[in-house]
1. So between Arg118 and Arg81, what do we pick up on full extension, going 0.36 nm a residue minus the alpha carbon distance?
2. With +1 assigned to the C-beta of every Lys and Arg and -1 to the C-beta of every Asp and Glu, and no other charges, what is the dipole magnitude of region 2-117 about the Cα centre in debye, to the nearest 20?
3. Subtract the Cα-Cα distance of Glu18 and Ala104 from 0.36 nm times their separation in residues, and report this length gain in nm to one decimal.
4. With charges set only on the Cβ (+1 for Lys and Arg, -1 for Asp and Glu), what does the dipole of region 37-95 come to about its Cα centre, in debye to the nearest 20?
5. Determine how large the accessible area of Ile48 is when every protein chain is in place; take a 1.4 Å probe and give Å² rounded to the nearest 10.
6. Can you give me the solvent accessible area of Asp35 with a 1.4 Å probe, rounded to the nearest 10 Å²?
7. For labels at Asn41 and Met1 in the simple 7 Å Cα→Cβ model, what's the distance in nm?
8. How compact and how long is region 10-140, expressed as Rg and Dmax of its alpha-carbon atoms in Å?
Amino acid sequence: MRILVVEDEQKVANALKEGLEEERYEVDLAYTGEDAFFRVNTEKFDLILLDLMLPGRDGLQILTSIRKRGVETPVLLLTARDTLEDRVSGLNAGADDYLIKPFAFAELLARIRALLRRGRSTDALRLSVGDLDMDIVTRKVTRGGHTVEICWHAKSGKKRPGEHL
Ligand code: CA
């Protein structure tokens, strides 16, 4: 599981990275909103830990723009400000959860696990054997990332050649 930690305070960022790595997560750090935006658009993460207070583009702007681009990676907001308005705008912008600083690491872990479990429900609809992948819902099969054309036959066994679902 790969987590992107977006936090400009390097001490906090490093502590988060260290703690999460101890829990066997793969952790990448981004210290600015611009860097975070670039990483999210070019790499695949399972979860984003996003600090709201960032220099330049702040967390909320980053969140709004990645959601606009269709990125659905779960986002857990970290905020030092605990106002109803902040929480509402964070959730409205597409955050999945938020945590108010300072927080206990155990709580952060629990929330991360909950979000990753939620995210996995879509993976449960996927079958993988070696480099073959099948999406059970769309029946799309890929091998090593490339689409494989497969003919699906009706249960009756009647052959319908060339039919693609
Ligand atoms: Ca910050």
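The values are calculated or read from the model by the stated rules, or taken from the named source; none is laboratory data. In this text, all values refer to a predicted model and were calculated from it rather than measured experimentally. Reconstructed Cβ throughout: ideal geometry from the backbone, glycine too, with neighbour counts over all protein chains shown. Protein only, heavy atoms only, side chains kept; ligands, DNA and RNA dropped before computing areas. Shrake-Rupley method; radii C 1.70, N 1.55, O 1.52, S 1.80 Å.
1. 10.7 nm
2. On the way: 16 positive and 22 negative charges, 71 e Å.
Computed about the Cα centre, the dipole is about 340 debye.
3. 29.5 nm
4. In total the dipole reaches around 240 debye.
5. 10
6. Using a 1.4 Å probe on the heavy atoms, I get roughly 50 Å².
7. Inter-label distance under the simple model: 2.8 nm.
8. 15.7, 48
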